[in-house]
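The next block holds one structure in the form of structure tokens; read it before the comments.
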There are 2 protein chains.
Amino acid sequence: MDEARRGGEAQRGSRSSEVKGSAWGGVDLGGTKIEAVVVDAVGRPLGNARHPTPGDAGPKDVVRAIFDALEDASRSAGLAPRRLAGVGVGAPGSVDIQMGTLARVSNVGKGWTEPYPLAGALSDLVRGPVVLGNDVQVAVTAEYRLGAGTPYRSVLGVWWGTGVGGGLVLDGVPWRGRGAAGEIGHVVVNPGGSRCGCGRRGCMEAYAGRGCLEHKVRKAVRRGEKTMLFEWMRKKDRTRLTSSIWKKALDERDVVATRLIDNAVLMLGVGIASAINILDVDAVILGGGLGTRLGIEYADRIYEAMRPHVFVPERQPPVVLAQLGELSGAIGAALLAEPPLH
Amino acid sequence: MDEARRGGEAQRGSRSSEVKGSAWGGVDLGGTKIEAVVVDAVGRPLGNARHPTPGDAGPKDVVRAIFDALEDASRSAGLAPRRLAGVGVGAPGSVDIQMGTLARVSNVGKGWTEPYPLAGALSDLVRGPVVLGNDVQVAVTAEYRLGAGTPYRSVLGVWWGTGVGGGLVLDGVPWRGRGAAGEIGHVVVNPGGSRCGCGRRGCMEAYAGRGCLEHKVRKAVRRGEKTMLFEWMRKKDRTRLTSSIWKKALDERDVVATRLIDNAVLMLGVGIASAINILDVDAVILGGGLGTRLGIEYADRIYEAMRPHVFVPERQPPVVLAQLGELSGAIGAALLAEPPLH
């Protein structure tokens, strides 16, 4: 409310630099939806909005849609338009943080492969600084600072969803290497094995990612195996095997679903344990659509699957569940805009 | 010479705290030898000495042997006894840096499994501060600061020898996690595969470590395969297949040696690429007995073996050879004692 008043005053003539500073925007840019949130100085959500990602649109339209979602989120937070002190955007694809460009996000904008100056274009609309980040990394950073990771100094986030993304926070600092670190989904768990969405073979994601799992179900059906997965998909009027469909299939002991998820858990155990042997962080945070939907039972199963491969078994780090829910990516993006968090 | 003069003066009465400060000691503690070095303020070796690790001895005898090696190295640097400003020790096994203890080094001292206060005991002898570190990590740190890693901000060191050790320097800071990071030899490259020296299955070391390779050669011989490896071992009067024996076997196109090393290279490619996908560091430094002996040809082959598995192939980091040679571990240990490096 205070923000709204100050926003109102600003419109009556005070300079924007004097009134901005108490609310930050965060955007989680996905292939199907744009999740926008407005947070206060300690990262607490004040309002949020979800817009569909425009289908068949170019980068310009996507930027406009992001701005609209931010304005909606601002409204729901009681803020006047364009009152955000800064905005962060978490995006898939290839993010160049220094240049503020986003490339290779064909699942977001139509034919969006070349670098587009997303930060600059959005900055013109919101009239404030915009920072880009990797979608999974910012979600992991949010969990580290405000969620499941708060008791730890260093964490590995494993986002188990359509793909298997990862994020690292080492001694409090997000680690991105030269920009592409955290790709735990592409740790090779079975050289020459199953084909992955990335085109390579034997990646952890090839066994655990929802996209690759669906591919394996279709193959099983073609081989004549019986599963209820696609029937539930049709009943729920979906075009993909969503996390909730997988959850139902496991609850109902669907044989194909159970076998594939059992194998996914085994391979997650192998790949995450390998990462722990290299990094020796304090904890693993399990997030993502499948991770959060399948919940603590599967976090525990992944912990057990890691056990045979962890080099210092007496100090195997816990596998904890992400806590911030669907807003974690957007909140983490807002943290990129550096609210003081005091 | 300046050092020697100052050391001499010290013996004629000045207090030790006034004259220490220009030379630091470093020790690489191995199962067969103790390598000691004395370095100047920029990490340059002033003198060194190599002593055998006392066989069948307890921790106390090992500490005494370390001290003797340091005193020899000091002498060869022209220093009077006990003139080192500080000493660092790189050791295998389980190092507790805070407590200054070393445990689980059964290959060093007889039955040395419980934590022993190595730092304190050695400090009493050298009459100065002693810091412990992991043997591979300190060697990698030395390469980072003074050798092959100097052009880079972040590196992964892979020490290919009896085992396959690893070390990380991230943005200039050695990364040890909770003390056990860098165990790249125990990245799982083939779940359920070959037995590793650590007792687990499918570790990279199980395919690439010299210890496990020798085990595979013995199995091949039992199966009736022909190899010259053991004959060269006897001719060289060795009890183990050393790096130079492997080098000769490859040069002579020994079939068993070639097949096993080819497979080792493939598996090193898988495991190191997986680590790169997680960490995205600037470069890989290849060291260790086998790594340095097989040289640049094999660094290049490992680079090629990584290629199919690297997630961002256009930015695959180079694999460069360690440059500091056999003293890298001891020099890196000396850096633990924090010479100013100005």
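The values are calculated or read from the model by the stated rules, or taken from the named source; none is laboratory data. Quantities reported herein were computed from a predicted structural model and do not represent experimental measurements. Backbone-built Cβ (ideal geometry, glycine too); neighbour counts: all protein chains shown.
All conditions but one from (1) within 19 Å of the chain's Cα centre (by Cα); (2) within 14 Å of another protein chain (Cβ to nearest Cβ) apply to B:S244; the one that does not is (2). All conditions in (1) surrounded by 24 or more Cβ atoms within 10 Å (Cβ to Cβ); (2) touching a Ser or Thr at 6+ places or on another chain (Cβ under 9 Å); (3) assigned to a loop (DSSP other than H, G, I, E, B) hold for A:R178, with the sole exception of (1). Scan the stretch B:201-218 and tell me whether some residue there is within 10 Å of another protein chain (Cβ to nearest Cβ), within 22 Å of B:S274 (Cβ to Cβ), touching a helix residue (DSSP H, G or I) at 6+ places or on another chain (Cβ under 7 Å) and not acidic (D, E). Checked against the condition, which is being within 10 Å of another protein chain (Cβ to nearest Cβ), within 22 Å of B:S274 (Cβ to Cβ), touching a helix residue (DSSP H, G or I) at 6+ places or on another chain (Cβ under 7 Å) and not acidic (D, E), the stretch B:201-218 yields at least one hit. Tell me whether the stretch A:149-160 contains one or more residues that are closer than 30 Å to A:K60 by Cβ and surrounded by 24 or more Cβ atoms within 10 Å (Cβ to Cβ). Yes, because at least one residue in the stretch A:149-160 is closer than 30 Å to A:K60 by Cβ and surrounded by 24 or more Cβ atoms within 10 Å (Cβ to Cβ).
The set of residues in the stretch B:270-285 that are more than 16 Å from A:G166 (Cα to Cα), crowded, with 24+ Cβ neighbours inside 10 Å and more than 7 Å from chain A (Cβ to nearest Cβ) comprises B:G271, B:I272, B:V284, B:I285. When the stretch A:182-212 is filtered for residues that are of a type in the set (D, E, K, R) and either assigned to a strand (DSSP E or B) or not assigned by TED's automatic domain parsing to the domain that holds A:A249 (or both), the ones remaining, listed by number, are A:R195, A:R201. Only residues that are closer than 29 Å to B:S244 by Cα and out of contact with any Leu (no Cβ under 6 Å at 6 or more places or on another chain) were counted across the stretch B:277-317, and they come to 20. Under the condition of being modelled with pLDDT of 95 or more and over 18 Å from A:V270 (Cα atoms), which residue from the stretch B:178-209 is nearest to the chain's Cα centre (by Cα)? Only one residue fits best here, namely B:G209. Of all residues in the stretch A:158-176, those being closer than 25 Å to B:A305 by Cβ and more than 18 Å from the chain's Cα centre (by Cα) number 0.
For the stretch A:85-100: of the residues being touching a strand residue (DSSP E or B) at 6+ places or on another chain (Cβ under 6 Å) and part of a strand (DSSP E or B), which is modelled with the lowest pLDDT? Per the stated criteria, the residue is A:S94. Taking the criterion of being of a type outside the set (D, E, K, R) and over 15 Å from B:L29 (Cα atoms), the residues of the stretch B:98-116 that qualify are B:Q98, B:M99, B:G111, B:T113, B:P115.
Residue-by-condition table, conditions (1) assigned by TED's automatic domain parsing to the domain that holds A:I302; (2) within 30 Å of B:D280 (Cα to Cα); (3) assigned to a loop (DSSP other than H, G, I, E, B):
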site: A:E214; (1), (2), (3): yes, yes, no
site: A:R218; (1), (2), (3): yes, no, no
site: A:T227; (1), (2), (3): yes, no, yes
site: A:E231; (1), (2), (3): yes, no, no
site: A:K247; (1), (2), (3): yes, no, no
site: A:R253; (1), (2), (3): yes, no, yes
site: A:V256; (1), (2), (3): yes, no, no
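When B:L132 is evaluated against the numbered criteria (1) within 30 Å of B:T239 (Cα to Cα); (2) part of a strand (DSSP E or B); (3) not aromatic (F, W, Y), which criterion, by number, is the only one it fails? Looking at each condition in turn, B:L132 falls short on (1).
Looking only at residues of the stretch A:310-342 that are within 14 Å of chain B (Cβ to nearest Cβ) and among the charged types (D, E, K, R), we find that the one that is nearest to A:N134 (Cα to Cα) is A:R315.
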